[in-house]
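Inspection log for the structure reproduced underneath, given as structure tokens.
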């Protein structure tokens, strides 16, 4: 009389086993993607220099030309990490910055090139914040946790707006909306909230300032 329940249990166990294997495979794949994306940025892969319309030739991408037809940006809410200028849990929205230029940087603590360029983002923030420039850093969750992000912000002593890509029922939505495929990636948004430039790879201060000045006019 227990034959049928036993069969059902065996089926359930097999399903749980395969679901666990599939979940593990997804985690490994995501981890490999992040490592490769971050490694490409370090190496300066020419394909990592992309413009906002994603349709320019390789030559146009390498030269860093700006697309003629600008894409609108995507609104999002971001809960900030604590630093000297912002409180933990303070929430901002991109569309709340209408009329101001925005430099939007995608990063995560385990990404060496992300770490390397962040002092330059802090320097940019300090130099132009009184002119209305908004510098925002969005942390990808996965290899690093929210707690790792806050620890990193504390250690590096950066004071622009930074927070994790997290919502109440989802994670990674901002990364998906902006089609981020490598880290670090920086998006330059003009006062009309159009995407003027999308740059994947490390930026030094000189190049960062040059691209920022293009959206402050």
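The values are calculated or read from the model by the stated rules, or taken from the named source; none is laboratory data. Since this is a predicted model, take the numbers as computed values, not measurements. Methodologically, a virtual Cβ is constructed for each residue, glycine included, from the backbone with ideal geometry; neighbour enumeration extends over all protein chains shown.
Of the helices (runs of 4 or more DSSP H) lying entirely inside the range 102-178, those containing at least 3 residues that are at pLDDT 95 or above, surrounded by fewer than 15 Cβ atoms within 10 Å (Cβ to Cβ) and out of contact with any strand residue (DSSP E or B) (no Cβ under 6 Å at 6 or more places or on another chain) are 112-128, 146-156.
Flag not set for residue 103, criterion: touching a helix residue (DSSP H, G or I) at 6+ places or on another chain (Cβ under 7 Å), under 27 Å from residue 193 (Cβ atoms) and free of Cβ contacts under 8 Å to residues at least 40 places away in the same chain. Of everything in the range 183-202, what is at negative phi, part of a loop (DSSP other than H, G, I, E, B) and surrounded by fewer than 23 Cβ atoms within 10 Å (Cβ to Cβ)? Give them in sequence order. 190, 191, 192, 202 - these are the residues of the range 183-202 that are at negative phi, part of a loop (DSSP other than H, G, I, E, B) and surrounded by fewer than 23 Cβ atoms within 10 Å (Cβ to Cβ). Any residue that is in a loop (DSSP other than H, G, I, E, B), farther than 13 Å from residue 133 by Cα and touching a residue at least 60 places away in the same chain (Cβ under 8 Å) - is there at least one of those in the range 205-213? The answer is no; no qualifying residue exists. Filtered by the rule that a residue be touching a helix residue (DSSP H, G or I) at 6+ places or on another chain (Cβ under 8 Å) and in a strand (DSSP E or B), the range 76-100 gives a lone residue, 78. How many residues does the range 126-138 contain that are touching a residue at least 40 places away in the same chain (Cβ under 8 Å) and within 18 Å of residue 90 (Cα to Cα)? Qualifying residue count for the region: 2.
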